[in-house]
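The values are calculated or read from the model by the stated rules, or taken from the named source; none is laboratory data. Worth saying up front: this structure is predicted, and the values here are computed from it rather than measured. Please note: Cβ atoms are built from the backbone with ideal geometry, for glycine as well, and neighbour counts cover all protein chains shown. The protein model used for the area step is the full one, side chains on, heavy atoms only, and it has no ligands, DNA or RNA in it. Shrake-Rupley method; radii C 1.70, N 1.55, O 1.52, S 1.80 Å.
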Amino acid sequence: MGGGTTDLNEDTAGVYLPLRNDDGIVNASDDSRLKQLGYKQELSRTLSLIANFSVTFSIVSVLTGLTTMYSSGLTYGGPVTMVYGWPVVGMLTLTVGVSMAEICSAYPTSGGLYFWSARLCGQDWGPLACWLTGWFNIVGQWAVTTSVDFSLAQLIQVIILLSTGGKNGGGYEASKYVVIAMHGGILLLHAALNSLPISLLSFFGQLAAAWNLVGVVVLTILIPLVATERASAKFVFTHFNTDNGDGINSKAYIFVLGLLMSQYTLTGYDASAHMTEETKNADKNGQKGIISAIGISVIFGWFYILGITFAVTNISYLLSEDNDAGGYAIAEIFYLAFKKRYGSGVGGIICLGVVAVAIFFCGMSSVTSNSRMAYAFSRDGAMPLSSLWHKVNKQEVPINAVWLSAVISFCMALTYLGSEVAFQAMVSIATIGLYIAYALPIFFRLTLARKSFIPGPFNLGRYGVLVGWIAVLWVATISILFSLPVTYPITNETLNYTPVAVGGLLILTISSWILSARHWFRGPVTNVEI
């Protein structure tokens with residue numbers, strides 16, 4: 001680390017000095033802005049706007065989120081919740097993303113959210129704000145990786161089940177230990193890929209984005225085209241499913257629960273911020289990556305929902321654990337579409353393979369984002385053994401942070417072996433915990449820094465405050481709604497443990513601050529020559 005580490009100087013870090021470099025060529029401007037923020041350039045700055053967008057878009061991955069959560073959408077409201085809930089959640093998510101993009105443009109560093117909170121809150125409240133935001137962000141990211149790679153392991157298990165005859169044909173059903181082993185193997189591959197130079201990882205990221213876009217288009221057209229029985233437009237646009245088998249009868253309540261499918265999918269777009277120290281023209285391209293990833297995902301995701309839902313004719317059967325896919329709704333839709341038309345479900349299994357590749361890419365990019373966050377957070381001394389996790393190798397890759405992220409994500413998944421309820425509580429942090437981290441710097445920008453915030457090249461002008469408050473209120477709303485019970489009557493097995501998990505994380509973070517961190521943690525520190 002440079003010439004020692006000290007607290008970041010507010011006089012230089014709080015002033016935005018425009019960087020003019022519109023030709024896409026890396027020059028001293030990006031490095032100069034990073035130095036103004038208190039850091040020297042250690043990572044390889046080779047990512048273009050397309051590459052930055054690709055990493056984020058492949059993490060949001062509508063094929064991943066909508067496929068794995070489609071059963072939830074069918075259960076709680078069905079077509080109406082999915083078709084109308086998706087654009088509503090999409091637009092509100094965009095307010096969060098745009099508000100984040102405005103701050104990202106002013107502070108383009110790998111630390112992202114926690115760095116923003118520290119700068120926006122100043123010297124008095126900055127360290128605490130940084131501590132809270134950083135830990136919610138990084139734990140939320142680890143939970144995302146856990147959830148994504150575990151969903152891939154589950155999908156692979158379903159593909160194997162269908163390939164060996166299906167549940168009703170004596171197909172192989174993997175035990176939870178086999179699923180965990182597959183999860184570990186997937187994480188191992190993702191860590192290995194993330195150990196490669198960023199130029200190669202950039203290629204895989206762009207391939208992932210193209211795969212997601214093409215995959216959505218192909219499946220959206222192919223599945224309803226192949227299906228011999230199709231839903232009517234009236235069913236797709238007006239049918240509201242209240243038969244959830246969970247003792248919930250209120251339509252408003254059911255609709256709200258169904259929104260989790262959309263909100264779970266539209267997350268992870270902070271990746272563009274965490275990649276800014278590797279992105280050319282970071283103060284412009286980082287925010288473009290955030291906004292474009294959300295916007296394009298909302299559009300393509302809506303068409304994917306429509307296409308698949310036109311192939312839905314019997315919701316109760318698709319959700320039944322007695323069908324060939326064991327209750328995995330989209331798998332059963334794909335399988336039946338081809339089986340009824342061609343007498344074989346092989347085509348449907350191949351389509352599931354397309355989704356599996358998209359999920360694999362999603363997990364790979366998620367580890368990329370995790371590792372950059374861990375690298376930055378440890379660079380500022382916030383993590384145990386920080387000096388170990390912010391080291392970079394000869395290829396300028398934070399190699400130790402990569403493997404740390406993979407190991408922690410695997411450890412989080414091990415809770416599944418003890419209790420599926422505990423596992424669901426753990427991964428719930430992937431949505432609520434991460435969104436709390438998104439909202440904190442936006443809230444600070446609206447309150448403590450309302451008059452002092454100096455925007456970068458991208459700013460919302462007079463609309464920034466309005467959009468920001470909508471974003472904060474939306475995060476507060478979903479934090480409450482998604483903590484509500486999803487089954488009645490409430491028992492130890494049916495209780496929604498999301499507030500327990502998120503509350504536990506909050507208690508641990510605050511306790512560690514009071515007992516220890518407040519004595520030594522001062523927020524972001526500089527590693528440039530003083």
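How many residues does the stretch 448-479 hold that are surrounded by fewer than 14 Cβ atoms within 10 Å (Cβ to Cβ) and among the small types (Gly, Ala, Ser)?
2
Of a type in the set (A, V, I, L, M, F, W, C), in a loop (DSSP other than H, G, I, E, B) and out of contact with any Gly (no Cβ under 9 Å at 6 or more places or on another chain): is that true of Ala231 in this structure?
Values: of a type in the set (A, V, I, L, M, F, W, C): yes; in a loop (DSSP other than H, G, I, E, B): yes; out of contact with any Gly (no Cβ under 9 Å at 6 or more places or on another chain): yes.
For Ala231, the condition - of a type in the set (A, V, I, L, M, F, W, C), in a loop (DSSP other than H, G, I, E, B) and out of contact with any Gly (no Cβ under 9 Å at 6 or more places or on another chain) - is met.
Could you check the stretch 397-438 and list, in sequence order, the residues that are outside any helix (DSSP H, G or I) and hydrophobic (A, V, I, L, M, F, W, C)? Break it down into steps so the answer makes sense when it comes.
Initial filter on the stretch 397-438 (outside any helix (DSSP H, G or I)): 397-398, 414, 419, 429-431.
Within the stretch 397-438, Val397, Leu414, Ile429, Ala430 meet the criteria.
Looking at Ser151, Ser175, which one is over 23 Å from Ile50 (Cα atoms), free of Cβ contacts under 8 Å to residues at least 12 places away in the same chain and not charged (D, E, K, R)? Show your work before the answer.
Working: Ser151 fails: free of Cβ contacts under 8 Å to residues at least 12 places away in the same chain.
One residue alone meets the criteria, Ser175.
Anything in the stretch 480-496 that is surrounded by fewer than 14 Cβ atoms within 10 Å (Cβ to Cβ) and in contact with a Leu (Cβ under 9 Å, 6 or more places away or on another chain)? List them, or say none.
Listed by number, the list holds a single entry, Leu484.
Condition check: over 18 Å from Ala153 (Cβ atoms) and either at pLDDT below 85 or part of a helix (DSSP H, G or I) (or both). Does Phe444 satisfy that? Break it down into steps so the answer makes sense when it comes.
Numbers: over 18 Å from Ala153 (Cβ atoms): yes; either at pLDDT below 85 or part of a helix (DSSP H, G or I) (or both): yes.
When the stated conditions are applied, Phe444 passes them.
Might you let me know whether the stretch 239-249 holds any residue that is open to solvent by 40 Å² or more (accessible area, probe 1.4 Å), in a helix (DSSP H, G or I) and out of contact with any Lys or Arg (no Cβ under 9 Å at 6 or more places or on another chain)?
Residues of the stretch 239-249 that are open to solvent by 40 Å² or more (accessible area, probe 1.4 Å), as a first pass: 239-240, 242-243, 245, 247, 249.
Of the ones still in play, those that are also in a helix (DSSP H, G or I) are none.
No, there is no match, as no residue in the stretch 239-249 is open to solvent by 40 Å² or more (accessible area, probe 1.4 Å), in a helix (DSSP H, G or I) and out of contact with any Lys or Arg (no Cβ under 9 Å at 6 or more places or on another chain).
Considering the stretch 456-468 alone, what residues qualify as being under 12 Å from Phe443 (Cα atoms) and out of contact with any Phe, Trp or Tyr (no Cβ under 9 Å at 6 or more places or on another chain)? Before the answer, list the steps.
Just the residues of the stretch 456-468 that are under 12 Å from Phe443 (Cα atoms), to begin with: 464-468.
Within the stretch 456-468, Val465, Leu466, Val467 qualify.
From the list Gly122, Gly111, Gly77, Gly65, exactly one residue is open to solvent by less than 10 Å² (accessible area, probe 1.4 Å) and on the phi > 0 side of the Ramachandran plot. Which is it?
Numbers: Gly122 fails: open to solvent by less than 10 Å² (accessible area, probe 1.4 Å); Gly111 fails: on the phi > 0 side of the Ramachandran plot; Gly65 fails: on the phi > 0 side of the Ramachandran plot.
Being open to solvent by less than 10 Å² (accessible area, probe 1.4 Å) and on the phi > 0 side of the Ramachandran plot holds for just one of Gly122, Gly111, Gly77, Gly65, which is Gly77.
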